[in-house]
Amino acid sequence: MLMITRGYAQTQNNSRHYKKTVVNNHVFPTVNGMKSAFVVTSLWSDFSVGTTSVITVPGFEFDSVTTDPVYGSIVFADVFVNYEQRFRPWLSIYFSYGFSGRYGTDVFSLLYDGLNTVNGGATGWHIRVLNRKKMILSTHIYVQQLSGSFVSISKFIDELINDNPNPSVVSNVPSLGLGNSWEIAYAFSQTWGIQATLDLMYGETFIRGKSGVIYSLDVAGDADLYPKLNVPLGFVMGYNLAGNPEVMMDKEGHTNMLFFKLNYTGSPDFEIGLQSTWYRFKVSQDDEMTGVFRSTFNFRFYF
């Protein structure tokens, strides 16, 4: 494996951004859900909340009696923490932990979708493979261990109706996987940059007894107003295609996400940002697509 370790802007201590993710004097922002191409020592955390559009919850049929349909929504809450420790300019180790929750906002949507949570973490190596004047290429090799907990009254009722010998309200499903991702960041100038990641992991899904490849592809373009206008503000726009258990929970399929972020870029030691993400998914296989809007507060300290 080729590892070119010329410093360029990423390791120039006379730069005001020398601790941060910078190449060709362009500071790349941290994006929720994307691994970074830069090998650094940092503490990174995200806090997200979100909600669906209005969902029509169909009535339940039990003993020839059908309840009326009702309307509700589902809320999301996520916490993510990542610590990365650099040992060499091209090598670091990282540890991450995350919690994702999905809950109905009222009794009926709780009965319909239940209480769904996923928690766990990952650890692995981050290796910088290529370092050019305008470009950084790196890879992550990691192991991920997650645990899903799904509380569903509607599923329990279905199992009773279908004479399942072991109906259960709560389902706990572990998930273990081995992953490899590739990240690239390219700086056109001090102002403009683009980054992309491809993440592939093979392991257990949250559909019990089923394994497969979990994938994620991200592309994000950004602009930093600080170098030219002396305004410490950055913008990010991007797209994510994911077959992601933290997003889909115990459902199959994939999601197409669009996101936009505002980022504070005035400090050499930290960044703060607010990211908005929009996507659509099916609560169950019989439902129409439901829109989801999320807001994520992000901060990252560099050491």
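The values are calculated or read from the model by the stated rules, or taken from the named source; none is laboratory data. These numbers were taken from a predicted model, which means no experiment stands behind them. Glycine gets a Cβ as well: all are built from the backbone with ideal geometry, and neighbour counts include every protein chain shown.
The residues of the range 260-278 that are touching a Pro at 6+ places or on another chain (Cβ under 7 Å), part of a strand (DSSP E or B) and surrounded by fewer than 21 Cβ atoms within 10 Å (Cβ to Cβ) amount to a single one, 264. Residues in the range 133-173 that are part of a loop (DSSP other than H, G, I, E, B), surrounded by 14 or more Cβ atoms within 10 Å (Cβ to Cβ) and either modelled with pLDDT of 70 or more or polar (S, T, N, Q) (or both): 134, 152.
From the set of residues in the range 279-299 that are surrounded by fewer than 19 Cβ atoms within 10 Å (Cβ to Cβ) and assigned to a strand (DSSP E or B), which is modelled with the lowest pLDDT? Across the range 279-299, the extreme among qualifying residues is 290.
The residues of the range 179-201 that are exposed (fewer than 15 other Cβ atoms within 10 Å of the Cβ), part of a strand (DSSP E or B) and in contact (Cβ under 8 Å) with a residue 60 or more places away in the chain amount to a single one, 192. Assessment of the range 97-117 against the conditions (within 21 Å of residue 295 (Cα to Cα), surrounded by fewer than 16 Cβ atoms within 10 Å (Cβ to Cβ) and at pLDDT 90 or above) yields at least one matching residue.
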